[in-house]
């Protein structure tokens, strides 16, 4: 499972659900599949709104958010294989005796795993609070964190040196409360921030027709032809020479 910037920006609740809601779409954090809010999706003989359907998508395609999270690499979870084994058993609601039998250990060892992991969860809460205070202080000081540079950027220069606080100010200036683009900025740095936001409308590893690209962009801007061209020029999207197929450049 390839972890995206969207995955790492998700809240704990969103990670547990396996999806996020962004710009009118419910987006699967596991595969990037998007389901448009307000649209109706069919599953067999039943029809579902996007919010309900994405849960069925996750169950059908990925098993569960738990399965995907628990199978992440140790560098992403900080969990040993033994700890993962205990958590899988706990998720399945096994008793201490059943878990001990499955793990080949004593019930007291199982209880010790539970205590250690609860302690680890509490430590994580404290660390997140400390980290948030550090970030907030940095924002107040005007330092802020720089936004990551897109991998597709052809040439990295000072245009990409944008902090999160700067980005938020630019987005508030150029997008209205409904998320529509009020005007397209002329300055390069602001243009890149806006294009990054618009590029997030498209799912990675998926191909779009020109009509689909236009439809997505029309939701948030009037001059979708110009925006489509700029997304390609600045490396957020790519396309075939005949314009028959578009995709997110990686």
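Derivation of every value follows stated rules applied to the coordinates shown; laboratory data play no part. Keep in mind that this is a model prediction, so the values were computed, not measured. Neighbour counts run over all protein chains shown; Cβ positions are idealised from the backbone, glycine included.
Taking every alpha-carbon pair under 8 Å whose residues sit at least 6 apart, region 1-73 reaches a relative contact order of 25 percent.
The ratio of the alpha-carbon radius of gyration of the chain to the globular-protein estimate 2.2 N^0.38 Å is 1.22.
Listed from fewest to most Cβ neighbours within 10 Å, the set 8, 247 follows the order 8, 247. Between residue 214 and residue 60, the FRET efficiency estimated from the beta carbon spacing at R0 = 25 angstrom works out to 0.25. Using the Cβ-Cβ distance between residue 37 and residue 8 with R0 set to 35 Å, the FRET efficiency from 1/(1 + (r/R0)^6) comes to roughly 0.90. Between helix 81-91 and the chain there is an angle of about 90 degrees, using the helix long axis and the longest principal axis of the Cα atoms. Rounded to the nearest 0.05, the FRET efficiency derived from the C-beta distance between residue 105 and residue 77 at R0 = 25 Å is 0.75. Global dimensions of region 162-248 from alpha-carbon coordinates: Rg and Dmax equal 12.8, 39 Å.
Taking every Cα-Cα distance in region 79-144 and sorting them into 10 Å bins from zero, the calculated P(r) comes out as 20, 35, 17, 15, 10, 2 percent. Taking the number of Cβ atoms within 10 Å of each Cβ as an exposure proxy, the fewest-first ranking of 175, 66 is 66, 175. One decimal place: the segment residue 130-residue 91 gains 11.2 nm when fully extended, by the rule 0.36 nm per residue minus the C-alpha distance. Evaluating kT/(6 pi eta Rh) at 25 °C and 0.890 mPa s, with the Kirkwood radius of region 1-73 over Cα pairs in the Stokes-Einstein relation, gives 196 µm² s⁻¹.
Contact order for the chain, expressed relative to its length and based on alpha carbon pairs under 8 Å spaced 6+ residues apart, stands at 11 percent. Spatial offset of region 105-138 relative to region 1-38 amounts to 24 Å, using the alpha carbon center of each. Taking all Cα pairs closer than 8 Å and separated by 6 or more residues, the relative contact order of region 162-248 comes to 28 percent.
Kirkwood hydrodynamic radius, region 198-241, all distinct C-alpha pairs: what's the number in Å?
10.6
Cβ crowding within 10 Å, taken as a proxy for footprinting-reagent exposure, orders 245, 221 from fewest neighbours to most as 245, 221.
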